[in-house]
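Structure, as structure tokens:
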Amino acid sequence: MENNFVANFIDKLRNSRDFTISFLIHVIFVAIFGTTVLFKAVQEPPDFEGGSEGFVGSTEETAPPPQQTQQEMPQTQDVTVTPTPVNNSAVNAITTTATSPTSFSMAQMVMAPVPTAAPAATTMSAPKPSAPVGGVKGTGMTAAAAAGIKGFTGGWGKGSGSGTGTRSREFEFTAYIGQYAGGDWDSTISTVKRTKPGRGVEPDNIDNGSLPNLLGYISEFSGGKIKTNYKNVKTIKLDSPDFFSLKPPFIFLTGSKDFVLTEPEVENLRKYVSLGGAIWGDSSRPGRNSRFDIAFRREMKRVLPDKDKEWEELPPNHPVFTGHAYYPEVKEVPPGINFYKEPVYCLKIYGEIAVIYTANDYGDMWQFALDTDRKKLYLETDRPGYAPPHATYLAQNQQLLDLRERLIFNVEPPALDMSFKFGVNMIIHLLTRWESKVKSATSL
Amino acid sequence: MNTLLFPKIGVARAIIIALFFTLTDSIVFGGICPNGGFEESTPARDLSAGVDSTGFASINTATGTVPGANGGFANENLAFSVSVADLNADGLPDIAAMDGFGVLRIYFNSGSKTEPKFTHAETTSYNLYPAPLYTTYVTHQDKGYADYMRAIFFKTGQRISLFNDGSFGSKSNLLVTTAQGRMFYFPNTGTEKKPDFKAPDKIEETPVKTGSFPFLAQALSPFVADWNGDRKIDVIFGEGSYSANSIFILLNKSATISKFEDNDRHLLASGMGMEQLSPCVVDYNGDGHLDLLVTERGGRIAVYLSPATPWKPGDTIPFHTFLTKDGAPPQGVPPIDDKKPRDPFDIYKATNLLNTGGISTIGTGDFNGDKLFDIVVGKPNGRVAIALNTGTATEPKFAALNDLKLETTSVDIAKPVGWNLHLGEASGNFGAFGGVVKADAIPGIQPVEGSSFLHLGFTNKKNAVMDPPAFRASKAKDTEGQSFSPGTSVIFGPIPFKAGKKYSFSFSARGNRVKSARINVQAVFAGGGRVETSNVQTKRGVQETQHVVGREVLGLNLNEVFTVTDKWKKITTKEAVYTGKVPEVLMNTDPVRGATVIAVTLEPGAGDFSIDDFQVIEK
């Protein structure tokens, strides 16, 4: 009986030679490669799993970009361009705040070596969100991320309401201008050094300029509901750990030159926007492909290097342009200096603005002072030809004033007023954009 | 000249002289303006014929406020503009050069197909935005100064492109752009062999319509070419605006340049960090597609190569490289990866780039008959340079930019020390000459005293190919303080004054074909005034403002017309005294500034005027 079984089995094998050979080959393959993963699904680093090290769960960090060597310039008058590869494709590691693994390109997933030094997360005071259950549907935001953002972005506004509803709300915040290495981060502001008893000379006190004027405008015309003013503008170094204690609602970056962020600056900004912060870049030279334009787009892609997340234009139905915005009369991108009207660009995480970029030089428009009726420039002076004093709430950049209609165009009061209103809409949006999202996180 | 005060004198003699003048209560001033006899002078270049004293083609350049490389605004060289065309139908490329003050000159090529030869530049009648001359002393606060500066503002930094649209036979016409972004079309008003560009009276009011924008860009640099091959000439322009700086194209829907709409404007190439762009169009690599050669602020010459596919609106031409010496690969920078878009940032640092020296303009033409395009550059130092193409039709090579040497030279002008001359060439006073002339330099005219005198007239270098430039009739009449009349020059000298004192003036003058002459004297008090600070209360707190008092110009009520003949004549003005209110704070101060302004209007192109022995007498 047993012999018959064996004989029958052998007969069966003989009759199915192809299967047998195939089976044996598979056995050999399993024996040889059984311990090697031939095709491995790439797992993204977990998002915002607040462990003991801080907010960003993964200890893997992006490799530093190639060393930026400061090369000698030839004998020219404009030694202002910092040499750097524009197409900085040496993104050796991809990190993301998105949750969908399908959004990654495998070819780009070359993980960087584990850094020898721990990231600066130990200095952060970021919240430690709970386990990643729940989240916000359709955004990729985990509950942990939502908790982190809620903890970081809360506190700027009281009450609730968005769009024009924000007019009835009170806000209180300080705005920050980012100081980055190289470039001219202070291109649309003026700073003064004040000496304080016992503290010596304090560097980089902001005297006036773009953002102070914008805050002056928003303060003046919000009827006091938005408690900020021109004095509520501070500078912050982009590699400063103060980001996570000061919790700036946004960082205003401006300039007209090429610049390269240091790796600590990139890391800091990445963590900052991951927590719901926003970077607002405004080129001091309107138009595409200026030195700042090239540099800002390149450097922000180092901050948010996801290959699939490219710069996108704010659509016409974005909240800052709809009739529901703080100033509903802003219905489209307002023309900037010299009538440039580039779209507003952004990089998003969880479907919300992480980096906003305005390439129309609104910063220079905000250096003009409107009179209190907002219908004329503040030009009052008791002697023609001499520098007018500051307007009641805005400061006048005399040099720009002198050059209007000569080298600087589109700075008539209606255009300026619209640019201010656009700025206000954007600020209010940046202050409130996470509110509904983090509120709807299912496990909070 | 009063030899008692100006020469080196002994102490004893000086005491005697002082005693004499004290007794007569009359002092002849030396002081700030000691050069009343025009004996002292310094050399200055005479570029009225486009050639300097060393024989190089040289053009007056102007500086102006432009967006600076460091983010703000800076006073920089505005670059004079060059364009190449055969302007006298002799089959040879000529070079047109618009100087920094809006005077258009042409270097006619008198050589052969294989060997160019240029002697000097001839002046055209072109005159856009003729500026008035101020004929009184003005300060920054005066309307006259503002008007003058406004006119100069529009006058400076104009750039050109010669082109042929077929509507005027073989004549080349002219497209002009201003630094403020306006565009003007000048048809060639001459003949095929004698070009000229006379402007109609109201051309300033009729720029080429360019859509709804009030201006196109700043430091606009045009080039006219049929870019898309539709047999309609298009306008390509680079900009130097307070912006990213780009090269745009205005696609033409008609055969001539008359009007463009907003949607005719398209981005053609991005500056990629380069600024102050001046383009020209040429088939750089012989592939049948038009490419761009672009000069930029740093003096590099960028090449933008068109792809093989036909251009359509929306396409942008990618940056290719900068011109290097002999076409060698850029040295001192990492190798260029041809598979990636090239980035000027990478190539800026190459050590073997051709460099014009700064903001420049560029044109092309075949100057040696080898059917290869050569490069002409308007350099920031005012010289015209040519780089001959030593490569092939598909691989151009340029060894160096060589300054263009002419067959003639000019003689430097002797500028009188302590005096300023405003000859008004930017106002259309073409060929005006002014300078110190030594005895025997002009037959029949000897100084009244000393060895020299000041002479106004017109250059001897006449046009050879073209007719003499036409002096554009003034649209506005002369007003007090301003002259719009062609042929006007102004002699300006600072004079010391004291409040309450009486003065008179004497000088010797002569002239031919002098239409009018006038002397005007004013005083300015107290070394430029005194700064007062006041505070203004605003919601931002107390703001400090500063004002200057005592900078007023105080008329001495001396504004006399005088006449001259061809013989020297001594002219003495009436006594002048400032009788108005003198600011109390300035009563006891000696004003350090005052001015005498002598405005002379000659018959354009023909008159002359001489002056000598100018004296100021305090009583």
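Structure summary
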read-out	value
Average partner coverage of A:291-297, which counts Cβ from other chains inside 10 Å	4
Peptide B:348-354, shielding by other chains (average Cβ, 10 Å cutoff)	3
Between the stretch B:244-314 and the stretch A:144-173, the Cα center-to-center distance that results, in Å	48 Å
Label point distance in nm, A:E263-B:T572, each placed 7 Å from Cα along Cα→Cβ	8.9 nm
Cβ-based exposure ranking for B:K379, B:K461, in which fewest neighbours within 10 Å come first	B:K461, B:K379
Burial ranking of peptide ranges B:64-75, B:426-437 (average Cβ count within 10 Å, highest at the top)	B:426-437, B:64-75
Theoretical gain in end-to-end length, B:T409 to B:K477 [0.36 nm per residue, Cα-Cα removed]	20.7 nm
Cross-link pairs beyond the 21 Å C-alpha cut-off, checked among B:K475/B:K515; B:K198/B:K515; B:K155/B:K232	B:K198/B:K515; B:K155/B:K232
Cα-projected label distance for B:A255 with B:A464, points at 7 Å along beta-carbon direction, nm	3.6 nm
Two-site FRET efficiency, B:T206 against B:S534, from Cβ-Cβ distance with R₀ of 60 Å, rounded to 0.05	0.80
Highest to lowest packing among B:480-489, B:233-242, B:172-181, B:406-415, scored as the average C-beta count within 10 Å	B:233-242, B:172-181, B:480-489, B:406-415
Other-chain or far-sequence residues with amide H under 5 Å of A:I251's (modelled H)	A:A278, A:I279, A:W280
Residues A:Q399 and B:T309, FRET efficiency given R0 of 51 Å [Cβ-Cβ distance, rounded to 0.05]	0.65
When each of A:K247/A:K376; B:K325/B:K415; B:K194/B:K405; B:K117/B:K253 is checked by Cα-Cα distance, pairs over 29 Å	A:K247/A:K376; B:K325/B:K415; B:K117/B:K253
Under 12 Å, Cβ to Cβ, from B:K193 - net charge with Lys/Arg +1 and Asp/Glu -1	-4
Shielding by partners - mean other protein chain Cβ count within 10 Å, residues of B:297-303	3
Full-extension gain in nm, B:D262 to B:T114, via 0.36 nm per residue minus C-alpha separation	48.9 nm
Charge tally in the Cβ shell below 9 Å around A:T153, where Lys, Arg are +1 and Asp, Glu are -1, A:T153 excluded	+2
12 Å beta-carbon shell around B:S504, net charge (K/R +1, D/E -1)	+1
Pair A:K439, B:N420: separation of 7 Å Cα→Cβ label points (nm)	6.8 nm
Shape category assigned to the stretch A:143-439 from the gyration tensor of Cα positions, a/c cut at 1.5	rounded
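Since every read-out is calculated from the coordinates, none of them should be taken as a lab result. From a predicted model like this one, the values you see are computed outputs, not experimental measurements. Every residue, glycine among them, receives a Cβ derived from its backbone with ideal geometry; neighbour counts consider all protein chains shown.
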